[in-house]
């Protein structure tokens, strides 16, 4: 998973399909946990066609870390299948979603000011 260090305090994690997505999210969590200070993060789902319950649980772990570290987290570019999974599980009310990466970055920058 490429993690683009978009700025000093914002990372963009570009996820891909299984089996890589599970390992990528675990690596993202570990890298965020080890970083001091912890950067804000955008999870780019534009390369992902579907997620499973394990993937959603990993996203929730990253969200908990974001809350604990008081950083901003945005999920960017969910397709219709992922959006349906978010709606069905109620996670659309838990995560802050953005149509695309630039929108997610703009939202984080506005909140960080």
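All of the numbers you see were taken from the coordinates with simple rules; none came from a lab. Worth saying up front: this structure is predicted, and the values here are computed from it rather than measured. Note: ideal-geometry Cβ built from the backbone for every residue, glycine included; neighbour counts use all protein chains shown.
In the stretch 26-58, whose amide N lies under 13 Å from the spot 7 Å out along Cα-to-Cβ of residue 81? List them in ranges.
Correct set: 46-53.
Fewest Cβ neighbours within 10 Å first, please rank 5, 61 accordingly. Write out the running numbers ahead of the final one.
On the way: 5 10, 61 14.
The fewest-first ordering by Cβ neighbours comes to 5, 61.
Based on alpha-carbon atoms only, what is the radius of gyration of the chain relative to the globular estimate 2.2 N^0.38 Å?
Numbers: Rg = 12.8 Å, N = 113, 2.2 N^0.38 = 13.3 Å.
Against the empirical 2.2 N^0.38 Å value, I get 0.96 for the chain.
Any chance you could run the full-extension gain for residue 112 through residue 57? It's 0.36 nm times the residue separation minus the Cα-Cα distance, nm to one decimal.
Values: separation 55, 0.36 × 55 = 19.80 nm, distance 2.62 nm.
17.2 nm is the gain from fully extending residue 112 to residue 57.
May I ask what percent, to the nearest 5, of DSSP beta bridges between residues of the chain are antiparallel? Could you put the intermediate results ahead of the total?
On the way: 4 of 15 bridges.
Here the share of antiparallel DSSP bridges comes out near 25 percent.
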